[in-house]
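Only one structure is covered here, and it is reproduced in the block below.
We did not get these values from a lab; they are worked out from the coordinates using the rules stated. As the structure is a prediction and not an experimental result, all values here were calculated from the model. Here the Cβ positions follow ideal geometry from the backbone for every residue, glycine too, while neighbour counts run over all protein chains shown.
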Amino acid sequence: MLVAPSILTADFAKLESEIKKISQSDYIHLDVMDGHFVPNISFGPHISRVISHTTRIGLDIHLMVTDPYPWIEQFVFDTTKYITIHYEANDVVNTIKKIKEKDIKVGISIKPKTPVFDIVPLLKDVDLVLVMTVEPGFGGQSFMASMMEKVKELVKLREEKKLDFIIEVDGGISDQTIDVCRVSGVDMVVAGSYVFNHKDPEEAIRSLK
Ligand code: DX5
Ligand code: ZN
């Protein structure tokens, strides 16, 4: 299982030492929120760039913004591995193209109320599908187990259509919810509060892996 800790729950006053605590992670997940697409504002390109200079770990950037298109350039760092936008955002097709032009892997995310059916035409164009297992906006919410049906549907579609995107889930991931993710076919999990509120974040990452 690939593990991408979300720094949303980290202590921003000591970001450098917080990032050191997760040196075993596969990616670092950055939750960018605009206060419009979701009812919260987190951080933007500046803090993301600072983080990219703090670690060599690849960045998995999750844009929870209504208009991602004009912002893409500002999230292109040496270590940006994935940029994920939401299907519910504006100008999705052009934004996917733009991310690809930058040679960055592209993800498409769906909120809990959006069915997999809606993104089927886009699956051939993406490297990652992010199934939200909470309503986006805040860390520390409860995992929605019913979202595993979407994961299973995606596993089936990937096989039928011979595609190779990876399946990521985000929200409420812990040692209590990781098993159902694994058996449903999840490839990568995002974990915020479980990792950063753990007394030993490296142990938390190991337990998820
Ligand atoms: C929610 C964010 C998540 C969040 C996960 O909008 O996309 O990445 O930080 O936090 P936990 O793991 O605490 O649910
Ligand atoms: Zn996220």
**OP:** Please find, in a Gaussian network model of the chain (springs between Cα atoms separated by less than 10 Å), the residue of Ile83, Ile173, Ile41 whose mean-square fluctuation is greatest.
**Re:** Ile41
Original post:
Roughly what would the spin-label model give for Asn40 and Leu122, points 7 Å off Cα along C-beta, in nm?
Top reply: 2.1
Original post:
Given H placed on each backbone N at 1.01 Å, which residues far from Leu30 in sequence or on other chains put an amide H within less than 5 Å of it?
Top reply: Asp60, Ile61, His62
Subject >> Unit charges on C-beta of K, R, D, E only; dipole of the chain, Debye >> reply: 280
**OP:** Compare the Cα positions of His198, Phe37, Val106 along the charge dipole of the chain (+1 at Cβ of Lys, Arg; -1 at Cβ of Asp, Glu; about the Cα centre) and return the one farthest towards the positive end.
**Re:** Val106
Original post:
Between Lys14 and Thr66, what is the FRET efficiency for a Förster distance of 35 Å, r being their Cβ-Cβ separation, to the nearest 0.05?
Top reply: 0.65
Subject >> When each of Lys161/Lys209; Lys21/Lys199; Lys113/Lys152; Lys81/Lys102 is checked by Cα-Cα distance, pairs over 20 Å >> reply: Lys161/Lys209
**OP:** Project the alpha carbons of the chain onto their principal axes and report the range along each, largest first, in whole Å.
**Re:** 43, 37, 29
Subject >> Of Pro5, Cys181, Ile166, farthest towards positive along the dipole that unit charges on Lys, Arg, Asp, Glu beta carbons give the chain >> reply: Ile166
Original post:
Can you list the HN-Hα couplings for the range 136-151, worked out from phi with the Karplus curve (6.51, -1.76, 1.60; θ = phi - 60°), rounded to whole Hz and with x for Gly and Pro?
Top reply: x, x, 9, x, x, 8, 7, 4, 9, 4, 5, 5, 5, 4, 5, 4
Original post:
For the range 1-158, what is the percent of antiparallel DSSP beta bridges, rounded to the nearest 5?
Top reply: 5
**OP:** Give the long-range amide H neighbours of Ile166: residues separated by 5 or more places, or on another chain, with amide H under 5 Å away, using H modelled in the peptide plane at 1.01 Å from N.
**Re:** Leu128, Val129
Original post:
Got a sec to turn the phi values of the range 70-82 into Karplus ³J(HN,Hα) couplings, 6.51 cos²θ - 1.76 cosθ + 1.60 with θ = phi - 60°, whole Hz, x for Gly and Pro?
Top reply: x, 9, 4, 3, 6, 10, 8, 10, 4, 9, 6, 9, 10
**OP:** Starting from the range 45-96, pick out the chymotrypsin sites (Phe, Trp or Tyr not before Pro) whose DSSP state is loop and whose Cβ has at most 14 other Cβ atoms within 10 Å.
**Re:** none
Subject >> Low-density loop positions, trypsin sites (Lys or Arg not before Pro), the range 58-128 - DSSP coil, at most 11 other Cβ in 10 Å >> reply: Lys113
Subject >> Under-5 Å amide H pairs with Gly140, H placed in peptide plane, nonlocal only >> reply: Gly172, Ser193
Original post:
In µm²/s, what is D for the range 1-64 at 20 °C and 1.002 mPa s, where D = kT/(6 pi eta Rh) by Stokes-Einstein and Rh is the Kirkwood radius from Cα pairs?
Top reply: 177
